[in-house]
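K.L.:
This is the structure I have questions about; it appears just below.
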Amino acid sequence: MTKIIVLIVGIALIGFIIWWFFGKHEIATGTAKVTNNHQDIDIEVKGGYSPEEVVLEHGVPATLHFTRKDASSCLDHVVFSDFGINQALPQDKQVAVNIDTSKPGEYTWACGMDMFHGKVIIK
Ligand SMILES: [Cu+2]
C-alpha cells in the first residue's frame, strides 16, 4: 500500500514539474485606453504586476498608474531603465508614471531589486 502511495505522489510530482517548466504560463496583457490624445492604464502591484505587459500607441502621451497593494518592500520602487525612471510606490497610493511613446519598441520595467518584471510595448 505504501509503495502505491509513493508511486502516485511521485507521478504527481513529476507531472507538476513538467507543467511548471514546460506549461504555458499566460502573461496578462493590457492595452491602454486612449482619450483626448492621451492614454492611460492602471497597473496593480501585488506579488508582481497586473497586467505585466502593457500595449501603448506610438506617439500618444501615456501614463501608467501604479497602485501597490503589496506590503513587501521588494515592490516599493518601479524602475524603467530605458527612460531613466526610478519611481517610489507608496503602499495603497496611485502613482503616475509618464512614458515617452515617441519610439516604438519593447521596454521592460522592474522592481527596485530587479526581481519582478513588466514590459511596455509601443506600437
Ligand atoms: Cu524586488
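K.L.:
Rounded to the nearest 20 Debye, what is the dipole magnitude of segment 34-99 about its Cα centre when Lys and Arg each give +1 and Asp and Glu each give -1 at the C-beta?
P.N.:
Values: 4 positive and 10 negative charges, 41 e Å.
For segment 34-99, the charge dipole is close to 200 debye.
K.L.:
Scan around GLN39 for amide H atoms under 5 Å from its own, H built in the peptide plane at 1.01 Å from N, and keep only partners 5 or more places away or cross-chain.
P.N.:
It is ALA62, THR63, by chain and number.
K.L.:
Can I ask one more? Using θ = phi - 60° and the Karplus curve 6.51 cos²θ - 1.76 cosθ + 1.60, what whole-Hz ³J(HN,Hα) does each residue of segment 64-78 get, with Gly and Pro shown as x?
P.N.:
Each residue of segment 64-78 in turn: 9, 9, 8, 10, 8, 10, 9, 6, 5, 6, 3, 9, 7, 9, 10 Hz.
K.L.:
Quick one: putting +1 on the C-beta of Lys and Arg, -1 on the C-beta of Asp and Glu, what dipole do you get for the chain around its Cα centre, in Debye to the nearest 20?
P.N.:
Around 360 debye, computed over the chain.
K.L.:
In degrees from 0 to 90, rounded to the nearest 10, what is the angle of the helix 2-22 Cα long axis to the longest principal axis of the chain?
P.N.:
Tilt relative to the chain: about 20 degrees.
K.L.:
Give a residue-ordered list of calculated ³J(HN,Hα) values for segment 116-122 (Karplus: 6.51 cos²θ - 1.76 cosθ + 1.60, θ = phi - 60°; whole Hz; x for Gly, Pro).
P.N.:
Couplings: 9, 10, x, 9, 9, 10, 9 Hz.
K.L.:
Another question about this same structure. SER102 accessible area, nearest 10 Å², 1.4 Å probe?
P.N.:
For SER102, the solvent-accessible surface is approximately 70 Å².
K.L.:
What whole-number value in Å² describes the accessible area per residue of the chain for a 1.4 Å probe?
P.N.:
Spelled out: the 1.4 Å probe surface of the chain, per residue, equals 65 Å².
K.L.:
While we're looking at this one, here's another question. For the pairs LYS33/LYS123; LYS93/LYS123; LYS46/LYS123; LYS69/LYS119; LYS69/LYS123, flag any whose C-alpha to C-alpha distance is greater than 22 Å.
P.N.:
Over 22 Å Cα-Cα: LYS93/LYS123; LYS46/LYS123; LYS69/LYS123.
K.L.:
When every alpha-carbon pair in segment 29-122 is counted, what percent end up more than 16 Å apart?
P.N.:
Every Cα pair in segment 29-122 considered, those over 16 Å come to 48 percent.
The values are calculated or read from the model by the stated rules, or taken from the named source; none is laboratory data. Quantities reported herein were computed from a predicted structural model and do not represent experimental measurements. Note that we place each Cβ from the backbone using ideal geometry, even for glycine, and neighbour counts take in every protein chain shown. In case anyone asks, the SASA skips ligands and DNA or RNA and just uses the protein heavy atoms, side chains included. Shrake-Rupley method; radii C 1.70, N 1.55, O 1.52, S 1.80 Å.
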